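Novice: Could you have a look at this structure, given as structure tokens, before my questions?
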Amino acid sequence: MIRLDLTISLGYEIAGSPADFVFNIHAAHTPSQAVVREHLSIAPPLPHRLETDPATGNRYLRLRRFPGPLEVRYGAMVELDPRCDEPSLIPESPIEALPAEALAFIYPSRYCQSDRLRQLTTREFGHLQPGYGRVLAIRDWVRSRTAFRPGSSTSSTSALDTLVEPAGVCRDFAHLMIALCRALNIPARFVTSIDYGAPPSMGPPDFHAFVETFLDGRWYAFDPTGLAPPMGFVRIGTGRDAADVSFATIFGPVASRIPVVTVTARDDPANGYVVPHECERAVSSCGLDSDRERVPGYSCAMAPADTLHAAVNVR
């Protein structure tokens, strides 16, 4: 089991006319992610509502603020119990076997123009055995040719832009990997989290984007940046690309401050809590109910010592 304590602090100044906010900063409730406790503070106190999208589990905080300052602070204690499977035993799912929830993630989307990458993916990955290993090869391809460079991209940068100018931040790495996977008919989606485990040289914790691909009835996590261990990802928002899961969507004249994020992990093996770490197994925190026989998985936190590796974070 993994226990993380996180806080997210956001600050704004609204000028001229009222502004409407839609925040996606609450940790999602899933079978593998329990929100033990959470708190929300809004200053000044304002009417607000919290809504959950039944399809994605995304939780949206909505409010309106008249001119003046706004402070939003969210904190939570979250317990993660990710599943780990043997990578060599995970095949790709044929199109005819894909459930309805996965279909939306095989199509092109605003930032992931997979329909324009079919020749490239066929040349680079078409000869590889379909399955988890092929997705891992796509992740490594993106990681090896793309430089992590803050400020090198904008909110309009797409997967094709990153392919041409191979530099960007986590959202750009994720968009490119998603587009390449979809070009091979592998469902892939964009997930927001916190970058627990990123090297201190990169600065304080921040929001982070990673990729999930649908393989053999489960969603498996990949971090194409290599910055953080997937077993420590707290699921916040899930969507087709960054357009679906912005942590703040704002309507109106607003100046914002840089978000302040903190996250700590409980290191208490005697009581069953371990710090997120890299491992060779395939990490999944989201599956489907199915009566099909599957290779038994086990908790990443309980993996034998010889399968665990210290996290090696690279830019």
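Novice: If one takes the longest principal axis of the Cα atoms in the chain, at what angle in degrees, from 0 to 90 and to the nearest 10, does the Cα axis of helix 132-145 lie?
Specialist: 60 degrees
Novice: Could I have the simple spin-label model distance between Tyr107 and Ala34, label points 7 Å from Cα toward Cβ, reported in nm to one decimal?
Specialist: 3.8 nm
Novice: At 7 Å along the Cα-to-beta-carbon direction for both Asn271 and Gln129, put a label point, then send me their distance in nm to one decimal.
Specialist: My value for the distance between the label points is 4.4 nm.
Novice: Give, in nm to one decimal, the length gained when the segment between Leu120 and Thr249 is fully stretched (0.36 nm per residue of separation minus the Cα-Cα distance).
Specialist: Value of the extension gain: 43.0 nm.
Novice: Loop only per DSSP, at most 14 neighbouring Cβ atoms within 10 Å: give me the trypsin sites (Lys or Arg not before Pro) in region 181-284, ordered by residue number.
Specialist: Passing both the DSSP loop test and the Cβ count: Arg257.
Novice: When a/c is below 1.5 the answer is rounded, else prolate if a/b is larger than b/c, else oblate, so apply that to region 184-255 with a ≥ b ≥ c taken from the square roots of the Cα gyration tensor eigenvalues.
Specialist: Taking the square roots of the gyration eigenvalues as a ≥ b ≥ c, region 184-255 is oblate.
Novice: Related question: Using alpha-carbon pairs under 8 Å, 6+ residues apart, how would you state the relative contact order of region 8-99 in percent?
Specialist: 41 percent
Novice: Something else about it: Report the relative contact order of region 149-281, percent, no decimals, based on alpha-carbon pairs under 8 angstrom and at least 6 residues apart.
Specialist: After rounding, I find 21 percent.
Novice: Return the FRET efficiency for the residue pair Arg49, Thr7: r is the Cβ-Cβ distance, R0 is 30 Å, and the value is rounded to the nearest 0.05.
Specialist: Taking R0 as 30 Å, the efficiency between Arg49 and Thr7 is 0.90.
Novice: Picking from His39, His26, His208, which is most flexible by a Gaussian network model of the chain using Cα springs under 10 Å?
Specialist: Answer for the Gaussian network model of the chain: His39.
Novice: So what's the angle, to the nearest 10 degrees on a 0 to 90 scale, between helix 170-183 and the longest Cα principal axis of the chain?
Specialist: That works out to roughly 40 degrees.
Novice: At most 16 other Cβ atoms within 10 Å plus a DSSP loop assignment makes a site exposed; report the longest stretch of the chain without any exposed GluC sites (Glu not before Pro).
Specialist: By the stated rule (loop sites, at most 16 other Cβ atoms within 10 Å), 1-279.
Novice: Enumerate by residue number the trypsin sites (Lys or Arg not before Pro) in region 34-134 meeting two conditions: DSSP loop (anything except H, G, I, E, B), and at most 14 other Cβ atoms within 10 Å of the site's Cβ.
Specialist: Here the trypsin sites (Lys or Arg not before Pro) that fit, given the DSSP loop and packing criteria, are Arg110.
Novice: Further, regarding this structure: Please give the contour-minus-distance gain from Val164 to Leu89: 0.36 nm per residue of separation, less the Cα-Cα distance, rounded to one decimal in nm.
Specialist: My answer for the length gained is 23.6 nm.
Any read-out appearing in this document is the output of simple, stated calculations on the displayed coordinates, not a laboratory observation. Keep in mind it's a predicted model, so treat the numbers as computed, not measured. A quick note on method: Cβ atoms are made from the backbone with ideal geometry, for glycine too, and the neighbour counts reach across all protein chains shown.
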